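Nothing in this text is a laboratory measurement; each read-out follows from the coordinates by a stated rule. The model shown is predicted, which means the values in this text are computed figures rather than measured ones. We place every Cβ from the backbone using ideal geometry, glycine too, and count neighbours over all the protein chains shown.
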Amino acid sequence: MIRTISLLFLCCFAILSCKKKEYQLGADVIDSSDILGGASVDTFSLYTYTITEDSVISDNPANVVLGSYEDPIFGHYEASIFTQLRLAGVDPNFGDPNSIVIDSFVLALEYVGYYGDLDPQTFEVFELDEAMSLDSSYYSFSTINHSSTNLVPFENATITPNTSSPTIVDGDSLAPQLRIHLDTNLARNLILEATSGTSTFSSNDEFLEFFKGLHIKTNNVLQSAGEGAALYLDINDPSSKATIYFRQDGEPTSYDLLMNSDCADFTKVSIDQTGTDVEQVVIDSTAGQNTYYAQAFGARAAMSIPGLLNIPPNSVIHRADLSLPIQFQTGYKYQPGSNVSLATRVDSLSQGLINVGVIGVYNALDKSFDINIRDYVQSIVNKELPLTELMVSPLYFINSAERIVFNGSNTINKKKPKLTITYTSY
């Protein structure tokens, strides 16, 4: 799974944000006996459906996603990476390029997890023809013009990812890496440029004018349903880099091109839901009353709860426990993440989302996400928010492939979504 250190940076609702409010109204005048005597209601009707997402900002996340898999429910998922590279040091001294023998040119990307099965995948890398910028916003549908020449030699293209075993490089044991061998002719061209007397390697700005970056993707045309994986990669880790391994006058040495937080990067994701159960719910929202869905980059589970308007306006909400059961068999490869985020709209016409400020936690025993939405309900009662749809998404919405199958209100399964509210009127 993705490292927990990234949790604070991965709120999936990056379009708009709001500060979480603490609703203390009446807390100093209602004692515990009054709270125990408060009304509890669990008969709210929840109307469940799915909303697709087509404008996800995906630049400079804590980790990028690469690879493809064939999901039997959600369809074809494919993620690729666009990234700049920067100099490890300016004005490198390569000496006489005629004395250099290039052994290999390797693009190393550190794993932080995956989603699916670690089947063989075919990787391709292309040089960018168009500049990227840290000041620009890139979306999951964005693309950057690039060369049509694949830099990965055919014999090195197919790799079976190994996210658990250490990677040994020059006798050193490193964290697991995806290592893609690139065409050594590109390495030769970079060295020739560095020794040509130009200012290309004198600064990163100059270098990025000459070498704009890479597009890293997969080409897995023969994947069957259930095959493949989305790989999670930390390209800000120092071990993620492109390294030229060469010998100069017989002495082995190397030169690095870095990927770090100073590089512009983003993940491009394509999800083809054609003919899937998810597509049917998107087309006919009433089908979401049986089963509804959420998927990173692609879809948000949504629900309307009109009964919230029936709570008396002079009420203090003590608890609002939302239970969202899911369909999941223990051990299945497409497991839900540990958490979900919740958002709503500022009004019924807005496309912008605001974070509700709570995180749902997966209860493996009950196979449900349990969420206390007290503050959200209090804000509806206080008319600080309009009552629009409530949306649920994988917490790592812009840097994972997690997906969730929820039981709808009319599910034939045993457990249905349920909201229980305890409140006191004054």
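Quick look at the values:
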read-out	value
The chain: calculated mean residue ellipticity at 222 nm from DSSP helix runs of at least 4, using -39500 (n - 2.57)	-2500 deg cm²/dmol
Flagged links, alpha-carbon separation over 20 Å, of 217/241; 383/415; 333/416; 333/367	383/415; 333/416
In degrees, nearest ten, helix 184-194 long axis to first principal axis of the chain (Cα)	80 degrees
Proximal charge balance of residue 174 [Cβ under 11 Å; K/R count +1, D/E count -1]	-3
Label-point gap, in nm, between residue 372 and residue 145 - each point 7 angstrom along Cα→Cβ	5.5 nm
Difference of contour (0.36 nm per residue) and Cα-Cα distance, residue 52 to residue 286	82.7 nm
Taking region 78-228 and dividing mean pair separation by its residue count, relative contact order in percent (alpha carbons under 8 Å, at least six apart)	44 percent
Sorted largest first, extent of region 32-180 alpha carbons per principal axis (Å)	86, 38, 36
Ordering of 240-246, 171-177, 356-362 by packing [mean C-beta count within 10 Å, highest first]	240-246, 356-362, 171-177
Cβ-placed point charges (K, R +1; D, E -1), dipole of region 298-426 about Cα centre in debye, nearest 20	380 debye
For region 87-171, radius of gyration divided by Kirkwood radius, i.e. Rg to Rh on alpha-carbons	1.00
Among 119-127, 261-269, 221-229, the order from most to least packed when residues are scored by Cβ within 10 Å on average	261-269, 119-127, 221-229
Region 324-426 pair-distance distribution - Cα-Cα, 10 Å bins, rounded %	13, 41, 34, 11, 1
Selected from 170, 183, 249 as most flexible by GNM, with the chain as the system and alpha-carbon contacts under 10 Å	170
Point-charge dipole on Cβ atoms (K/R +1, D/E -1) for the chain, about Cα centre, debye to 20	1740 debye
Length released on extending from residue 222 to residue 96, taking residue separation times 0.36 nm less the Cα-Cα span	40.8 nm
Electrostatic dipole magnitude of region 125-236 [Cβ: Lys, Arg +1; Asp, Glu -1; Cα centre; debye, to 20]	300 debye
Normalised per residue, the volume of the convex hull around the Cα set of region 65-129 (Å³)	157 Å³
The chain: most fluctuating residue of 329, 289, 84 per GNM, C-alpha cutoff 10 Å	329
Amide hydrogen neighbours beyond the local backbone of residue 58, cut-off 5 Å, H modeled	138, 139, 140
Theoretical gain in end-to-end length, residue 160 to residue 425 [0.36 nm per residue, Cα-Cα removed]	89.3 nm
Residue-by-residue Karplus 3J(HN,Hα) for region 85-94, coefficients 6.51, -1.76, 1.60, Hz, glycine and proline x	10, 10, 6, 6, x, 7, 6, x, 9, 8
For the chain, fraction of C-alpha pairs farther apart than 37 Å, in %	34 percent
Among 385, 411, 401 the positive-end extreme of the charge dipole of region 377-426 (Cβ point charges)	411
